[in-house]
Amino acid sequence: MTDALESLNGLIVPLADQALLLPNVAVAELVGFRLSSEPENAPEWFLGWTTWRDQQVPVVDPYVLLGQQTDETGRQPRTLILNAIGERPGVHFIAMRVWSIPRSRKITRGEISAAEASVPYVLQSVRLGDEQQALCIPDLLSIEQTLDSAGLLRA
């Protein structure tokens, strides 16, 4: 097999209870946190929109969305800009507010295994060879669909 089938470059995004695991290609950029407009009467997990590269990008709070405790002690929030995958016209990105800097990690096929059962907005919980806690692979398509269903993809 080729190296591309044996390994994946990923990002581990620390959260309070369980970190996210994302493929590098899912992430467009990490920028400072700033909302350009805030919503009225929106779900608690929806923070508003940020302007990034002249586009209004919806921002979700992964802590609330995934049912985790927020851990923001003494840290500056950041916006993790993610490539949208739902192929909706005019929607190219969604974003998450994070409180830690993601770290890069090369993941090989033999070191990853399924962990406990999935929860809403999580495709799979996994364990990596030397990581102490399980990681969750977020269901980005489901998050995007939920934003669309709530009418929150556009400001």
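Annotation: for a label point projected 7 angstrom from Cα along Cα→Cβ of residue 115, residues of the stretch 133-155 with backbone N closer than 12 Å are 133-138. The spacing between the stretch 78-109 and the stretch 111-146, judged by their C-alpha centroids, is 14 Å.
Measuring nothing but how far apart in sequence close Cα pairs (under 8 Å, 6+ apart) lie, relative to its length, the stretch 3-149 scores a relative contact order of 26 percent. On the beta carbon distance between residue 53 and residue 150, with R0 = 22 Å, the FRET formula returns roughly 0.40. Only Lys, Arg, Asp and Glu carry charge here, each on its Cβ (+1 for the first two, -1 for the last two); on that basis the chain has a dipole of about 340 debye about its Cα centre. Remark: the residue 83-residue 31 segment gains 17.3 nm on full extension, using 0.36 nm per residue and subtracting the alpha carbon distance.
Restricting to bridges with both residues inside the stretch 3-149, how much of the DSSP beta-bridge set is antiparallel, in percent to the nearest 5?
Working: 35 of 39 bridges.
So the antiparallel bridges in the stretch 3-149 amount to around 90 percent.
Over the C-alpha trace of the stretch 3-149, radius of gyration and Dmax come out as 15.1, 48 angstrom. Relative to the longest principal axis of the Cα atoms of the chain, the long axis of helix 140-149 lies at roughly 20 degrees. On the beta carbon distance between residue 142 and residue 42, with R0 = 25 Å, the FRET formula returns roughly 0.90.
Readers should treat all values here as calculations from the given coordinates under stated rules, not as data from a laboratory. Small disclaimer: the values here were computed from a predicted structure and weren't measured. Quick reminder, even Gly has a Cβ in these numbers, built from the backbone with ideal geometry, and neighbours come from all protein chains shown.
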